[in-house]
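Okay, structure first, notes after.
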Amino acid sequence: MELHNLTPAAGSVKKRKRVARGQGSTRGGTATRGHKGYQSRSGYKSKRGFEGGQMPLQRRIPKRGFKNINRVDYVAMNLDTVQTLVEKHSISEFSFEKLRELNIVAKNDKIKILGRGELKSSVRFKVHAASKSAEEAIQSAGGSIDLI
């Protein structure tokens, strides 16, 4: 077997359908597009989600709820998580900049301290928000909290 002897398997290569090349080609006249209508015209492109005039799926299904554009999403940090970070990285000031250095939060995140767990070391906090139980636990451990 050599390169110039190679041929594709029998029946694997089909001739291209030549449309609109006269009546003798059997695909002249309407050129396999049927008669009249939007799809028979040149430049036809159906709209996304169009179902031939039937009520489309996105309009048949009931809508639920809404998206609050004023919602503020916080990255929640519980006191037990804070304690492990303080021990692991020997942090004395728990701030957004320090968490950015450690790649714990993204640049547009907001941090909220929550009260689960206990805080053993006195740490100074500079965060966006904190729950009341977290504030009490921080102050009882000898730390302080400043809201950004």
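The figures follow:
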quantity	calculated
33, 59, 71 arranged by Cβ crowding within 10 Å, fewest neighbours leading	71, 59, 33
Helical mean residue ellipticity (222 nm; -39500 (n - 2.57) per DSSP H run of 4+; nearest 500) of the chain	-5500 deg cm²/dmol
Under-5 Å amide H pairs with residue 145, H placed in peptide plane, nonlocal only	125
Estimated dipole of the chain in Debye, rounded to 20 [Cβ of Lys and Arg +1, of Asp and Glu -1, Cα centre]	2300
Per DSSP, loop trypsin sites (Lys or Arg not before Pro) in the stretch 100-140 with at most 15 further Cβ within 10 Å	107, 110, 116, 120
Per residue Cα convex hull volume in Å³ - calculated over the stretch 75-147	70
The chain: relative contact order in percent, alpha carbon pairs under 8 Å with at least 6 residues between	15
Label-point gap, in nm, between residue 84 and residue 33 - each point 7 angstrom along Cα→Cβ	6.5
Pairwise centroid distance, computed over Cα atoms, of the stretch 104-141 with the stretch 38-84, Å	35
The stretch 1-79 - Debye-derived log10 I(q)/I(0), Cα point model, q = 0.13, 0.22 Å⁻¹	-0.79, -1.09
Long-range amide H partners of residue 75 with built H, under 5 Å	110, 111, 112
Selection from 38, 141, 103, by position along the positive dipole direction of the chain (Cβ)	38
The stretch 95-132 residues near the modelled residue 71 label - backbone nitrogen below 17 Å, point 7 Å along Cα→Cβ	109-112
At most 13 other Cβ within 10 Å, DSSP loop - GluC sites (Glu not before Pro), the stretch 34-139	51, 118
Net charge contributed by nearby residues that have their C-beta within less than 11 Å of residue 142 (K/R +1, D/E -1)	+2
Relative contact order (%) - criterion: Cα under 8 Å, at least six apart; region: the stretch 39-123	35
More than 21 Å apart - percent of Cα-Cα pairs taken over the chain	68
For residue 130, residues with placed amide H under 5 Å, excluding near neighbours	113
When each of 63/126; 67/112; 67/126 is checked by Cα-Cα distance, pairs over 32 Å	63/126
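Only the coordinates and a few stated rules stand behind these numbers; no lab work does. It should be emphasised that the depicted structure is a prediction, and the values quoted were computed from it without experimental measurement. Reconstructed Cβ throughout: ideal geometry from the backbone, glycine too, with neighbour counts over all protein chains shown.
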